[in-house]
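The values are calculated or read from the model by the stated rules, or taken from the named source; none is laboratory data. Since the model is a prediction, treat every value here as computed from it, not as a measurement. Here Cβ is always computed from backbone atoms with ideal geometry, including for glycine, and neighbour counts include all displayed protein chains.
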Amino acid sequence: MESELVLHNGGCHCKKVRWQVQAPTSVVAWKCNCSNCSMRGTIHFVVPRQRFELLGDSEEFITTYTFGTHTAKHTFCKVCGITYTQRSNPDGIAVTLACLDPGTLSHVEIRNFDGKNWE
């Protein structure tokens, strides 16, 4: 059973990119072993696209990196380089756990995802 949704805030290191996401206080986060996530140390949780919103003028500070099949879209800040979301799930946004502002998560379960062999 999913816990009640709350509003989580987050963004990149330099604060040029800020966002809000509606998600439970308890989430399952994924540690992916694809070449990009493993090099960056990315651990993320997925929310439906409609629960994620960029704030203010964040859009002007973002860019996207893609490689291989070009399915996953790694979105990051042009200023500080922090990857805060990715799009490998067509219906969702993968939010980088470390980019959440502290204080709104009560529990995180981390699971492994075999992105190296995912197609």
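Here are the numbers for the structure shown:
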{"read-out": "The stretch 48-75, subset free of Cβ contacts under 8 Å to residues at least 12 places away in the same chain and farther than 18 Å from Cys12 by Cα, residue surrounded by the most Cβ atoms within 10 Å (Cβ to Cβ)", "value": "Thr66"}
{"read-out": "Residue that is surrounded by the most Cβ atoms within 10 Å (Cβ to Cβ) [pool: residues in the stretch 91-107 that are in contact with a helix residue (DSSP H, G or I) (Cβ under 7 Å, 6 or more places away or on another chain) and of a type outside the set (Asp, Glu)]", "value": "Ile93"}
{"read-out": "Filtered residue count, the stretch 3-39, keeping only those that are without any contact (Cβ under 8 Å) to a residue 60 or more places away in the chain and of a type outside the set (S, T, N, Q)", "value": "6"}
{"read-out": "Selection status of Val27, in a strand (DSSP E or B), within 24 Å of Gly115 (Cα to Cα) and within 11 Å of the chain's Cα centre (by Cα)", "value": "no"}
{"read-out": "All positions within the stretch 76-94 that are under 14 Å from Gly10 (Cβ atoms) and modelled with pLDDT of 90 or more", "value": "Cys77, Cys80"}
{"read-out": "Test: residue in the stretch 40-47 that is surrounded by fewer than 16 Cβ atoms within 10 Å (Cβ to Cβ), at pLDDT 90 or above and closer than 20 Å to Val6 by Cα", "value": "no"}
{"read-out": "Residue in the stretch 60-70 that is among the aromatic types (Phe, Trp, Tyr), assigned to a strand (DSSP E or B) and closer than 15 Å to Val108 by Cα present", "value": "no"}
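Yes/no matrix, rows are residues, columns are (1) of a type in the set (Gly, Ala, Ser); (2) touching a Lys or Arg at 6+ places or on another chain (Cβ under 6 Å):
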| position | (1), (2) |
| --- | --- |
| Cys32 | no, no |
| Ser38 | yes, no |
| Phe61 | no, yes |
| Ile82 | no, no |
| Cys99 | no, no |
| Gly115 | yes, no |
